[in-house]
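Engineer: Would you mind keeping the following structure in view while I ask a few things?
The values are calculated or read from the model by the stated rules, or taken from the named source; none is laboratory data. Because the structure is a prediction, the values reported are computed rather than measured. All Cβ positions, even for glycine, are placed from backbone atoms using ideal geometry, and neighbour counts span all protein chains on display.
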Amino acid sequence: MSKLWPLFCLLWFTVCSTSTPMLTSSQTLDADIQVLRVFKRCIDPNSIPPNSYLSSWDFAMDPCETTGGQFLGILCTFPLDDSPNRITAIDLDGVGYEGFIAAAIGNLTELTFINLRKNNFRGPIPESIANLKKLTRLSLSNNFLTGSIPLGLITLKKLEYLDISFNQFSGTIPASIGGLRGMTSLSMSNNGFTGRLPDLSGLWQLKTLDLSRNQLYGSLPNVPVSLTTLFLSNNILSGHLTPLIKLRHLKVC
């Protein structure tokens, strides 16, 4: 069954995107509801424990209903006008859900927060994440995600917090990551990243940087003077510590 999940997700998304929405009386945008359907379909039902957040996702109810039917792990907007409710956050419990992150998640364009940590998600971060222009926090740590960092992720200029540690990512760290000016915390530890570190001096609000336990090599690049916590252990770095001299509040680990 696990080998068929990616194909199953693709087929399900095709059906949902061309079918008539089932919740015609919903106060939440039907397109958002269909994305949640696809998202749940991409998770092995045998990995969804009773009383977990995902077990509360009953699509006979409106996901944003506040009178007993609201889905756990979901936050919504509640406009004062006649506009439909929108999904703004997915914050799942870490109980070992097994599956893939559906590409359809990129259609939840009002998302500001995603937390899927401490589960068993596999496969890559979908390229469609580039559509989430309002995203400020993304936590995917402690899963089994693979592949490289999608370049679309690095275009999310409102991103402040990114944690993809304890996965199986590989490839190099894109130089364009230095353009995420609002980033305050960046953790990419315990993966298989290789190559040289890019210049990070443009991340002038960055406080915490954890790149430990990868396969990074070469000398230290310029880093932002705002850093207070830096983890670089268990790499193949060399050269001088000159870039760290101006970091007066730094703790090096």
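Engineer: Scan segment 215-222 and tell me whether some residue there is in contact with a Phe, Trp or Tyr (Cβ under 9 Å, 6 or more places away or on another chain) and surrounded by 13 or more Cβ atoms within 10 Å (Cβ to Cβ).
Structural biologist: Yes, segment 215-222 has at least one match.
Engineer: Right, another one. Residues N51, N85: which one is surrounded by 19 or more Cβ atoms within 10 Å (Cβ to Cβ), closer than 28 Å to Q27 by Cβ and modelled with pLDDT under 95?
Structural biologist: Residue meeting the stated conditions: N85.
Engineer: Taking W204 as meeting all but one of (1) assigned to a loop (DSSP other than H, G, I, E, B); (2) at pLDDT 95 or above; (3) among the aromatic types (F, W, Y), write down the number of the exception.
Structural biologist: Here W204 clears every test but (2).
Per-residue answers, yes or no, for (1) in the same structural domain as N191 (by TED's automatic domain parsing); (2) under 14 Å from the mean Cα position of the chain (by Cα); (3) at positive phi:
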| residue | (1), (2), (3) |
| --- | --- |
| V38 | no, no, no |
| N51 | no, no, yes |
| A60 | no, no, no |
| G73 | no, no, yes |
| T77 | no, no, no |
| L80 | no, no, no |
| G106 | no, yes, no |
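Engineer: Also: Has segment 157-165 got any residue that is farther than 22 Å from S201 by Cβ and not assigned by TED's automatic domain parsing to the domain that holds S233?
Structural biologist: Within segment 157-165, one or more residues are farther than 22 Å from S201 by Cβ and not assigned by TED's automatic domain parsing to the domain that holds S233.
Engineer: Then there is this: Looking at (1) within 25 Å of the chain's Cα centre (by Cα); (2) in a loop (DSSP other than H, G, I, E, B); (3) at pLDDT below 95, which one does L230 not meet, given that it meets all the others?
Structural biologist: With respect to (1) within 25 Å of the chain's Cα centre (by Cα); (2) in a loop (DSSP other than H, G, I, E, B); (3) at pLDDT below 95, L230 is out only on (2).
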